[in-house]
1. With respect to residue A:98, determine if the residue is over 30 Å from the mean Cα position of the chain (by Cα), in the same structural domain as residue A:114 (by TED's automatic domain parsing) and farther than 17 Å from residue A:116 by Cβ.
2. Being at pLDDT 95 or above and surrounded by fewer than 16 Cβ atoms within 10 Å (Cβ to Cβ) is the requirement here; does residue B:49 meet it?
3. With the requirement that a residue be out of contact with any helix residue (DSSP H, G or I) (no Cβ under 7 Å at 6 or more places or on another chain) and assigned to a helix (DSSP H, G or I), what does segment A:160-186 give you?
4. When the residues of segment B:120-133 are filtered to those that are touching a residue at least 40 places away in the same chain (Cβ under 8 Å) and part of a loop (DSSP other than H, G, I, E, B), which remaining residue is farthest from the other protein chains (Cβ to nearest Cβ)?
5. Hey, does segment A:287-303 have a residue that's at pLDDT below 90 and more than 24 Å from residue A:160 (Cβ to Cβ)?
6. When you scan segment A:304-380 for helices (runs of 4 or more DSSP H) that lie fully inside it, which ones turn up with 3 or more residues that are in the same structural domain as residue A:245 (by TED's automatic domain parsing) and within 17 Å of residue A:184 (Cα to Cα)?
7. Of all residues in segment A:76-108, which are outside any strand (DSSP E or B) and in contact (Cβ under 8 Å) with a residue 60 or more places away in the chain?
8. Going by the structure shown, is residue A:217 within 29 Å of residue A:295 (Cα to Cα) and within 14 Å of another protein chain (Cβ to nearest Cβ)?
């Protein structure tokens with residue numbers, strides 16, 4: 001349990017960074033992926049920018065009080081040439097100058113902390129500049145063998161958790177199809193879609209066939225201060241006819257929860273001071289940690305509903321519904337978290353679909369759509 | 001006269017033996033429960049009386065994901081622990097009406113304990129995990145078939161902890177948290 005201590009400290013520290021700002025500010029940073037360029041405006045207050053494109057200039061007007069500090073992070077970008085700030089009465093104006101006038105853009109925002117994203121997609125033959133973009137990205141990547149990529153500043157992380165792995169193969173079909181392989185494929189596809197379509201960094205809890213403990217999966221999300229956590233699984237049943245998708249979020253049974261809460265308060269009151277209480281401290285840590293998800297149950301249920309709705313459309317099955325249960329991997333995750341059972345490996349027709357690369361793409365697309373709907377409806 | 005004395009002595013001796021048996025059974029329970037908070041049933045079978053009682057078992061059907069009740073008569077037990085063992089074994093033996101038993105075929109009960117706070121510890125041999133289908137649906141069916149059957153039929157059992165080969169496990173098939181007790185859940189039973 002000791003390994004969680006640094007993680008918890010990191011989560012608290014990151015939280016502190018976000019909320020510790022006292023001066024009113026607007027800060028812009030620019031980043032890029034292979035197909036789009038992103039402008040991120042972070043602010044100390046909620047903003048509703050108005051955008052106007054004219055030629056190769058995109059002007060962003062943000063209502064703000066006088067005295068707001070305007071900050072700009074240094075950047076290098078193949079398409080966005082310059083970004084300028086100026087302030088007029090009651091409004092701060094960001095001017096984005098691009099390398100060409102042929103581009104489209106879309107925006108979205110998230111609260112807490114307020115972040116406003118502008119995705120810019122060059123059109124026409126600007127893609128000739130791509131090799132330079134890609135080599136620029138590679139320079140930022142860590143040396144081979146380094147365990148974890150650093151997350152680009154200001155971009156939030158979605159953690160995708162391909163279930164099982166290594167010796168722990170998960171469900172196995174009569175034909176020998178293994179859950180661990182299918183879910184890794186779907187997770188990789190989903191990562192690719194999110195990173196090309198959306199201004200999020202995506203981290204997989206495993207990107208190869210290895211065993212990862214359930215605690216480490218949750219810790220990956222918490223260490224990266226993840227925005228969302230999606231655990232991808234394929235199902236199996238004792239029933240021959242069980243088929244179709246299911247989406248779960250955590251349930252806590254009330255008496256149990258109450259007992260643990262009481263245990264926590266009793267422990268902190270009487271046992272924390274005892275010098276030989278290293279075990280008790282571990283226990284308290286465990287209690288704290290496995291209640292991490294309790295603060296996010298409502299958001300998790302909404303996320304589960306949005307994803308399940310898209311999967312139901314894809315599978316054309318009657319709604320098996322969003323379900324709640326005591327999933328070990330979800331309990332310690334400190335952000336909205338769901339576990340998706342895409343379909344049943346124990347049902348031959350589902351298995352056939354799950355084995356098809358095309359269908360895996362469609363599953364990833366459906367989950368992505370659910371994700372977007374959740375962010376649009378509940379985070380903007 | 002001599003004969004009468006012998007009879008009285010024999011009656012007293014039998015009484016003494018009965019008292020001793022009762023005393024040691026009670027005493028045995030107390031001493032283990034004091035040391036570990038859990039008592040192990042001594043395993044002495046209650047004499048099965050003619051009386052029987054109706055027990056509800058929760059199995060799966062092909063009709064839907066939820067559990068369906070099946071009633072059956074079992075002998076009436078004086079001991080809660082013996083009744084619980086009997087119910088678990090009947091559950092593992094499967095349905096008498098063609099419902100689906102959500103346990104791997106060779107699953108066997110290894111031990112059963114009941115603590116004073118109403119926590120039942122149901123300990124299975126490794127088969128329950130080694131040959132499990134490893135899906136969330138299968139996890140849920142196995143766990144709540146057991147938990148609902150025990151808690152519904154035995155009022156002394158408030159919650160259930162599942163052990164495998166005598167040990168606590170994180171999960172059964174990688175999904176539900178086995179490290180904490182489960183309580184009865186009505187919403188996994190079909191209406």
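The values are calculated or read from the model by the stated rules, or taken from the named source; none is laboratory data. What you see is a predicted model; the values in this text were computed from it and never measured. Neighbour counts run over all protein chains shown; Cβ positions are idealised from the backbone, glycine included.
1. Working: over 30 Å from the mean Cα position of the chain (by Cα): no; in the same structural domain as residue A:114 (by TED's automatic domain parsing): yes; farther than 17 Å from residue A:116 by Cβ: yes.
For residue A:98, the condition - over 30 Å from the mean Cα position of the chain (by Cα), in the same structural domain as residue A:114 (by TED's automatic domain parsing) and farther than 17 Å from residue A:116 by Cβ - is not met.
2. Values: at pLDDT 95 or above: no; surrounded by fewer than 16 Cβ atoms within 10 Å (Cβ to Cβ): yes.
No; evaluated as a whole, the condition is false for this residue.
3. A:179, A:180, A:181, A:183, A:184
4. Taking segment B:120-133 first, the residues touching a residue at least 40 places away in the same chain (Cβ under 8 Å) are B:120-125, B:128-129, B:132-133.
Add one more test, that the residue is part of a loop (DSSP other than H, G, I, E, B), and what stays is B:125, B:132-133.
Working: B:125: 18, B:132: 9, B:133: 4 Å.
The selected residue is B:125.
5. Checked against the condition, which is being at pLDDT below 90 and more than 24 Å from residue A:160 (Cβ to Cβ), segment A:287-303 yields at least one hit.
6. Numbers: elements: A:328-331, A:348-355, A:357-374.
Of the helices (runs of 4 or more DSSP H) lying wholly inside segment A:304-380, those with at least 3 residues that are in the same structural domain as residue A:245 (by TED's automatic domain parsing) and within 17 Å of residue A:184 (Cα to Cα) span A:348-355, A:357-374.
7. Here is the first cut: in segment A:76-108, the ones outside any strand (DSSP E or B) are A:76-79, A:89-90, A:99-102.
Passing the criteria: only A:76.
8. Against the criterion (within 29 Å of residue A:295 (Cα to Cα) and within 14 Å of another protein chain (Cβ to nearest Cβ)), residue A:217 qualifies.
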